[in-house]
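Notes to accompany the following structure.
The values are calculated or read from the model by the stated rules, or taken from the named source; none is laboratory data. Remember, it's a predicted structure, so these values are computed and weren't measured experimentally. A quick note on method: Cβ atoms are made from the backbone with ideal geometry, for glycine too, and the neighbour counts reach across all protein chains shown.
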């Protein structure tokens, strides 16, 4: 069982979340809803989790294929449902940017395997109704 702890440490809604290993993340809401911009918004953390999950998959796959990835970056954009409570992620777009001696076909396949098969965060978001689109850019 995974355990995390949250404690309010700043203003009305500024939390510090800590995992079992002691890693921390700051969380807050927007100033418009009473926050103080102390940390990331909870829904943004889902997109960050998607990036981390798929990034680990992709780099692991490419390493096994002996691809020399010298730079890796993702840009993730999301749009939430309008006028809904709760307002879930509706459309998510990811751009994977890879640098180095990387075969574009292998990069494309690694990204597909991650998003369509291995990434648990992507599957969680899909089951909640999200559409996830992506593309790969190799420089």
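Would you please list the contacts, defined by Cβ atoms under 6 Å and residues six or more apart or on different chains, that run from a residue in the range 74-93 that is more than 30 Å from residue 107 (Cα to Cα) to a residue that is modelled with pLDDT of 95 or more and not in a loop (DSSP other than H, G, I, E, B)?
Taking only residues 6 or more apart or on different chains, the pairs are 81/90; 87/80.
Among the residues of the range 41-54, are any outside any helix (DSSP H, G or I), on the phi < 0 side of the Ramachandran plot and surrounded by 13 or more Cβ atoms within 10 Å (Cβ to Cβ)? Reasoning before the result, please.
Here is the first cut: in the range 41-54, the ones outside any helix (DSSP H, G or I) are 41.
Then drop every residue that is not on the phi < 0 side of the Ramachandran plot, which leaves 41.
Next, only the ones that are surrounded by 13 or more Cβ atoms within 10 Å (Cβ to Cβ) stay: 41.
For the range 41-54, residues outside any helix (DSSP H, G or I), on the phi < 0 side of the Ramachandran plot and surrounded by 13 or more Cβ atoms within 10 Å (Cβ to Cβ): present.
Filter the range 97-124 down to the residues that are under 12 Å from the mean Cα position of the chain (by Cα) and buried (at least 21 other Cβ atoms within 10 Å of the Cβ) and list them by number.
Result: 115, 119, 122.
Can you name the residue in the range 116-139 that is in a helix (DSSP H, G or I) and in contact (Cβ under 8 Å) with a residue 60 or more places away in the chain and, of all such residues, is nearest to residue 104 (Cα to Cα)? Break it down stepwise before answering.
Step one: of the range 116-139, the residues in a helix (DSSP H, G or I) are 116-118, 120-127.
Keeping just the survivors that are in contact (Cβ under 8 Å) with a residue 60 or more places away in the chain gives 118, 120-122, 125.
Details: 118: 20, 120: 24, 121: 24, 122: 22, 125: 26 Å.
Out of the qualifying residues, it is 118.
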